[in-house]
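> Mind having a look at this structure? Questions to follow.
The values are calculated or read from the model by the stated rules, or taken from the named source; none is laboratory data. Bear in mind that the values here come from a model prediction, so they are computed numbers and not experimental data. We place every Cβ from the backbone using ideal geometry, glycine too, and count neighbours over all the protein chains shown. To get the accessible areas, we keep the full protein, side chains included, count just its heavy atoms, and leave off ligands, DNA and RNA. Shrake-Rupley method; radii C 1.70, N 1.55, O 1.52, S 1.80 Å.
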Amino acid sequence: MAGRRRGRGSNVQQQHASQNQRRGPRGALREPAVFAKPTGCESEVPHEKLTIAQARRGTPAHRPVRVYADGIFDLFHSGHARALMQAKNVFPNTYLIVGVCSDELTHKLKGYTVMTEDERYEALRHCRYVDEVVRDAPWTLTAEFLEKHKIDFVAHDDIPYTSAGSEDVYKHIKEAGMFVATQRTEGISTSDLITRIVRDYDIYVRRNLQRGYTARELNVGFINEKKYRLQNQVDKMKETVRTVEEKSKHFVYRVEEKSQDLIHKWEEKSREFIGNFLELFGPDGAWHVIQERSGRMLQALSPYSSPRASPSSSPTRARSVSPDSSASASPPSLSPPSSPSSPSSPKRGSRSSLKAASTYSRHVQ
């Protein structure tokens, strides 16, 4: 018993050590999955068979449930990855083994593949849900193969898989109670991807010609090559015209936007100019107030004149006459001088009368 326990412990430790080496901090994968050994799973103890109920309840850490999933996995896509994710999580403690059929077997029983078998092996190794990859997997699972790899359960979608003269290649697995079903992902499959490529064949040929592939590499004849290259040139011209149209539309839009901004600014400036003009020259504007004030100042500076007075009697004209002209125009009179208090005689005339009176008195004496 002691030797059996030591044998079981050493085998489990090696298996879990290889799993832990793949994962770094926080469970991040650091290395791809391992390839299965040609001799299968080596164990020094008998492989105890598990029921689905036991597997669903959970198994000890040293005894993961070994689940097997097989396929072609050509053009590995999200549908494949989701199926493997379901197989990995079907039980709490699962060790997922994935079998990949070789090119020879696949081309014989199913059809030609896009990817080679080595490319398909590597694609599976780098899927995060896969722990081990079996190369050159068999098309139909035998009891010897299941025992060799210590497989507890087989995961696949439950749609009957008709192939190799059998209505369902998983029928004996289902009858043995070793089958766990996964769900297919609608809208994605290898056949769908190939259908898209075949349907748009011309587009992908022209695409690769543009990227530098030769017509010989694409298996395209001389005439078709010229046709595809001419179509590429036409597409380039269309794209150029489309680009010019987009740029012209953008330019016209910017011009319209700028013109609207200029018109808006001009309207604002016009309103501002008209408002300032009306404030300055309007009926109640500053210019009218200045004119009124200037008129009042002129009236205040100029003496008030009666409208009945003649232009010759205006004080302004009287002030403009020089003393010499007044003396020569009116000779001295011998009549007695008028009273200085007379309001009608100017001050300069009264001085002349006083001078004449004094002369007259000296002659009388």
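> Name, by its number, the condition in (1) within 43 Å of the chain's Cα centre (by Cα); (2) modelled with pLDDT under 95; (3) among the small types (Gly, Ala, Ser) that does not hold for ALA17.
The number of the failed condition is (1).
> Output the residues belonging to segment 116-144 that are of a type outside the set (A, V, I, L, M), assigned to a strand (DSSP E or B) and buried (at least 17 other Cβ atoms within 10 Å of the Cβ).
Listed by number, the list holds a single entry, GLU132.
> Give the residue that is modelled with the highest pLDDT, with candidates limited to residues of segment 272-312 that are assigned to a helix (DSSP H, G or I) and among the aromatic types (Phe, Trp, Tyr).
For segment 272-312, the residue satisfying everything is PHE273.
Each row is one residue, and each column tells you yes or no for (1) assigned by the TED database to the domain that holds ASN89; (2) of a type outside the set (A, V, I, L, M).
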position	(1), (2)
THR113	yes, yes
LYS148	yes, yes
GLY177	yes, yes
ILE197	no, no
GLU225	no, yes
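> Another question, if that's okay. Looking at the structure I just gave you, is ILE188 closer than 20 Å to ALA81 by Cβ, out of contact with any Pro (no Cβ under 8 Å at 6 or more places or on another chain), hydrophobic (A, V, I, L, M, F, W, C) and loosely packed, with under 15 Cβ neighbours inside 10 Å?
Criteria met by ILE188.
> While we're on this one: Quick check on my filter: what residues within segment 55-87 are surrounded by fewer than 20 Cβ atoms within 10 Å (Cβ to Cβ) and charged (D, E, K, R)?
ARG56, ARG57, ARG63, ARG82
> Taking segment 157-172 as the region of interest, how many residues are open to solvent by less than 30 Å² (accessible area, probe 1.4 Å) and closer than 21 Å to SER102 by Cβ?
Within segment 157-172, residues that are open to solvent by less than 30 Å² (accessible area, probe 1.4 Å) and closer than 21 Å to SER102 by Cβ number 3.
For (1) hydroxyl-bearing (Ser, Thr, Tyr); (2) in contact with a helix residue (DSSP H, G or I) (Cβ under 6 Å, 6 or more places away or on another chain); (3) over 22 Å from ALA53 (Cβ atoms), each residue gets a yes or a no:
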site	(1), (2), (3)
VAL100	no, yes, yes
GLY111	no, no, yes
GLU117	no, yes, yes
ARG128	no, no, yes
VAL133	no, yes, yes
PHE145	no, no, yes
LYS150	no, no, no
PHE153	no, no, no
ASP168	no, no, yes
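> Somewhere in segment 145-162, is a residue within 49 Å of the chain's Cα centre (by Cα), within 30 Å of ALA61 (Cβ to Cβ), in a loop (DSSP other than H, G, I, E, B) and hydroxyl-bearing (Ser, Thr, Tyr)?
Looking through segment 145-162, none of the residues is within 49 Å of the chain's Cα centre (by Cα), within 30 Å of ALA61 (Cβ to Cβ), in a loop (DSSP other than H, G, I, E, B) and hydroxyl-bearing (Ser, Thr, Tyr).
> Quick check: anything in segment 91-113 closer than 19 Å to PHE153 by Cβ and surrounded by fewer than 17 Cβ atoms within 10 Å (Cβ to Cβ)?
Yes.
> Anything in segment 163-187 that is assigned to a loop (DSSP other than H, G, I, E, B), among the β-branched types (Val, Ile, Thr) and out of contact with any Lys or Arg (no Cβ under 9 Å at 6 or more places or on another chain)? List them, or say none.
Result: VAL169, single match.
> Search segment 46-59 for residues that are closer than 17 Å to ILE173 by Cα and pair each with any residue that is at pLDDT 90 or above and assigned to a loop (DSSP other than H, G, I, E, B) when their beta-carbon atoms are under 6 Å apart and the residues are at least 6 apart or on different chains.
The qualifying pairs are LEU50/ASP152; ALA55/PHE91.
> Got at least one residue in segment 87-99 being part of a helix (DSSP H, G or I) and at negative phi?
Yes, because at least one residue in segment 87-99 is part of a helix (DSSP H, G or I) and at negative phi.
> Shifting gears a bit: Checking LEU193 against (1) part of a helix (DSSP H, G or I); (2) touching a Lys or Arg at 6+ places or on another chain (Cβ under 7 Å), only one condition comes out false. Which one?
Here LEU193 clears every test but (2).
> Being hydroxyl-bearing (Ser, Thr, Tyr), at pLDDT 85 or above and either over 28 Å from THR142 (Cβ atoms) or surrounded by 12 or more Cβ atoms within 10 Å (Cβ to Cβ) (or both): is that true of THR39 here?
So THR39 does not fit the description; no.
> Based on this model, can you work out whether ARG206 counts as closer than 30 Å to HIS77 by Cα and either open to solvent by 60 Å² or more (accessible area, probe 1.4 Å) or assigned to a helix (DSSP H, G or I) (or both)?
So ARG206 passes the test.
> Is one or more of the residues making up segment 46-60 on the phi > 0 side of the Ramachandran plot and assigned by the TED database to the domain that holds THR140?
yes
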